[in-house]
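Undergrad: Take this structure first; my questions come after.
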Amino acid sequence: MIRHLVYSRWLFHHSKSVNTLVCLHGRQTRLLSTSKSSRNIMPAWVIDKYGGDDVLRFTKNASFPIITYPNEVIVQVHAAALNPIDVSMRGGYGASTLSMKRDPLNIKQSGTEFPLILGRDVSGVIMECGLDVKYFRERDEVWAAIPPWKQGSFAEFVVLSANEISHKPKSLSHIEAAAFPYVATTAWSALVNTGGLSKDNCAKKRILILGGSGGVGTFAIQMLKAWGAHVTVTCSQNAERFVRDLGADHVVDYTAGPVEEPLSVLEKFDLILDNVGGETERWALNLLKPWSGAKYVTLVTPFLQNTDSLGIADGMMQSACTMATKALKHLIKGVHYRWGFFAPSGPALDDVRDIVDAGQIRAVVEETFSFSQVPQAFEKLEKGHARGKTVVQIIEERADL
């Protein structure tokens, strides 16, 4: 199998024609060359060190992605979206943990992740499939959330595992589709995997979203409303109309004073999704229905900060102790305390696609930038107070593939 893959890759890089068909051990394999000469490089935005916006560098010589495992695909990127994690990763956030994920045996030297391509959201077209890929084929339009330990989407091509991708909603353009995957899989992981919610048990449940006007919040509002939940949201006054248009039933302005005061007079909640963190833990769990299985799920955790500052082993131990202590403290009061994390999932995006194509969730794109404007897109994101996603268009929609 390994020799077969190596030979297939050799043919891919040395084929002189497009869509060459070869026979290997009695099986036909469809190989694709992106140009008349072998393709080893591609345009991309990279960073060579951690830092501010000035570390972003455009290059036409980024390494072309290679299928290493038989369940991988190469996707030509049509659109990519920015998320706060891109800004954090540019500054080195999570570097220790992500380096361990990239190199579990610690074989490589420090800094081998560079040049690093950022970008967690992608919508594009499959250009090549590994030998074990069964549910996708070349030219399929797909979307995906790229794990932070992999090279990202601010490039012409990206390689992904088949279980990380999903067929793109037919009702969305690539620009619209790129606004979804990372926030959708993050919200899905927090609400479904950690919070235990689903379309079958969500009806009439009372959900509170702290920080509801950001990417995860705007997606969570729409998904929960599609499932029949009652959704209360905290946001600034100028975002109230925005979140109400997305379906929020009740909105509390956090700029009008201590937000816990107006929330405390409301009927208690079945689940709280916290996108804010900080002092919210001090009072938010008191808003849950006690002894009813109610859960508080926060996406603002110290896990990566602990591993960055303390090292992998000590950081994981510190995180485990913190989590266990808080969970036990609140369990005694009759509520469940949980940490939520992003989890890449093609099957989750399959379910999201069905909701989107049913017209129950719409894309919220605030601004679109061209591929040459990636630094400006980062500047826009860093200003904060976004009302939707910032998207980078890599390839024009009308391009002929």
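Undergrad: Condition test on residue 120, is it without any contact (Cβ under 8 Å) to a residue 12 or more places away in the chain and of a type in the set (Lys, Arg)?
TA: Against the criterion (without any contact (Cβ under 8 Å) to a residue 12 or more places away in the chain and of a type in the set (Lys, Arg)), residue 120 does not qualify.
Undergrad: Within region 84-92, does at least one residue satisfy the condition of being among the small types (Gly, Ala, Ser), without any contact (Cβ under 8 Å) to a residue 24 or more places away in the chain, surrounded by fewer than 19 Cβ atoms within 10 Å (Cβ to Cβ) and closer than 23 Å to residue 313 by Cα?
TA: Taking every residue of region 84-92 in turn, at least one turns out to be among the small types (Gly, Ala, Ser), without any contact (Cβ under 8 Å) to a residue 24 or more places away in the chain, surrounded by fewer than 19 Cβ atoms within 10 Å (Cβ to Cβ) and closer than 23 Å to residue 313 by Cα.
Undergrad: Considering only residues that are surrounded by fewer than 14 Cβ atoms within 10 Å (Cβ to Cβ) and touching a residue at least 12 places away in the same chain (Cβ under 8 Å), which ones fall in region 312-333?
TA: 333
Undergrad: When you check residue 133 against the structure, is it within 16 Å of the chain's Cα centre (by Cα), modelled with pLDDT of 95 or more and of a type in the set (A, V, I, L, M), yes or no?
TA: no
Undergrad: In addition: Which helices (runs of 4 or more DSSP H) does region 268-383 wholly contain that include 2 or more residues that are of a type in the set (Lys, Arg)?
TA: On the way: elements: 280-284, 303-310, 312-331, 346-357, 374-382.
Once the helices (runs of 4 or more DSSP H) in region 268-383 are filtered for at least 2 residues that are of a type in the set (Lys, Arg), what remains is 312-331.
Undergrad: Follow-up question, since we're still on this one. What is the one condition in (1) surrounded by 15 or more Cβ atoms within 10 Å (Cβ to Cβ); (2) at pLDDT below 95; (3) over 30 Å from residue 95 (Cβ atoms) that residue 307 does not satisfy?
TA: Of (1) surrounded by 15 or more Cβ atoms within 10 Å (Cβ to Cβ); (2) at pLDDT below 95; (3) over 30 Å from residue 95 (Cβ atoms), only one is false for residue 307: (3).
Undergrad: Answer with yes or no whether residue 128 is modelled with pLDDT of 90 or more, assigned to a strand (DSSP E or B) and over 23 Å from residue 52 (Cβ atoms).
TA: Criteria met by residue 128.
Undergrad: Is it the case that some residue within region 380-396 is farther than 27 Å from residue 221 by Cα and loosely packed, with under 15 Cβ neighbours inside 10 Å?
TA: There is at least one residue in region 380-396 that is farther than 27 Å from residue 221 by Cα and loosely packed, with under 15 Cβ neighbours inside 10 Å.
Undergrad: Identify, by number, the condition in (1) surrounded by fewer than 24 Cβ atoms within 10 Å (Cβ to Cβ); (2) of a type outside the set (D, E, K, R); (3) within 16 Å of residue 89 (Cβ to Cβ) that residue 153 doesn't meet.
TA: (1)
Undergrad: Moving to a separate point now. Have a look at 303, 341 and point out the one that is farther than 30 Å from residue 167 by Cα and hydrophobic (A, V, I, L, M, F, W, C).
TA: It is 303.
Undergrad: Collect the residues in region 90-119 that are touching a strand residue (DSSP E or B) at 6+ places or on another chain (Cβ under 8 Å) and of a type in the set (A, V, I, L, M), keeping them in residue-number order.
TA: Correct list: 116, 117, 118.
Undergrad: Run down 387, 353 and say which single residue is over 19 Å from residue 77 (Cβ atoms), outside the structural domain of residue 196 (by TED's automatic domain parsing) and in contact (Cβ under 8 Å) with a residue 24 or more places away in the chain.
TA: Testing whether each residue is over 19 Å from residue 77 (Cβ atoms), outside the structural domain of residue 196 (by TED's automatic domain parsing) and in contact (Cβ under 8 Å) with a residue 24 or more places away in the chain leaves just 387.
Undergrad: Report the residue count in region 339-350 for those that are surrounded by fewer than 18 Cβ atoms within 10 Å (Cβ to Cβ) and at pLDDT 95 or above.
TA: The total comes to 2.
Undergrad: May I pose another question? Residue 297: within 30 Å of residue 170 (Cβ to Cβ) and among the hydrophobic types (A, V, I, L, M, F, W, C), yes or no?
TA: Working: within 30 Å of residue 170 (Cβ to Cβ): no; among the hydrophobic types (A, V, I, L, M, F, W, C): yes.
Against the criterion (within 30 Å of residue 170 (Cβ to Cβ) and among the hydrophobic types (A, V, I, L, M, F, W, C)), residue 297 does not qualify.
Undergrad: Does residue 118 satisfy the condition of being over 30 Å from residue 358 (Cα atoms), at pLDDT 95 or above and surrounded by fewer than 19 Cβ atoms within 10 Å (Cβ to Cβ)?
TA: So residue 118 does not fit the description; no.
Undergrad: Being surrounded by 15 or more Cβ atoms within 10 Å (Cβ to Cβ), of a type in the set (D, E, K, R) and farther than 20 Å from residue 334 by Cβ is true for just one of 261, 240. Which residue is that? Talk me through it step by step, then tell me what you get.
TA: Numbers: 261 fails: surrounded by 15 or more Cβ atoms within 10 Å (Cβ to Cβ).
Only one candidate passes the filter, namely 240.
Undergrad: Among the candidates 85, 66, which residue alone is assigned by TED's automatic domain parsing to the domain that holds residue 142, outside any loop (DSSP other than H, G, I, E, B) and of a type in the set (A, V, I, L, M)?
TA: On the way: 66 fails: outside any loop (DSSP other than H, G, I, E, B).
Just one listed residue meets the conditions, 85.
Undergrad: Determine which single condition residue 183 fails, assuming it passes every other condition in (1) part of a strand (DSSP E or B); (2) of a type outside the set (Gly, Ala, Ser); (3) crowded, with 23+ Cβ neighbours inside 10 Å.
TA: (1)
The values are calculated or read from the model by the stated rules, or taken from the named source; none is laboratory data. Keep in mind the model is a prediction, meaning the values are calculated, not measured. Cβ coordinates were reconstructed from backbone atoms using ideal geometry, including for glycine residues, and neighbour counts include every protein chain displayed.
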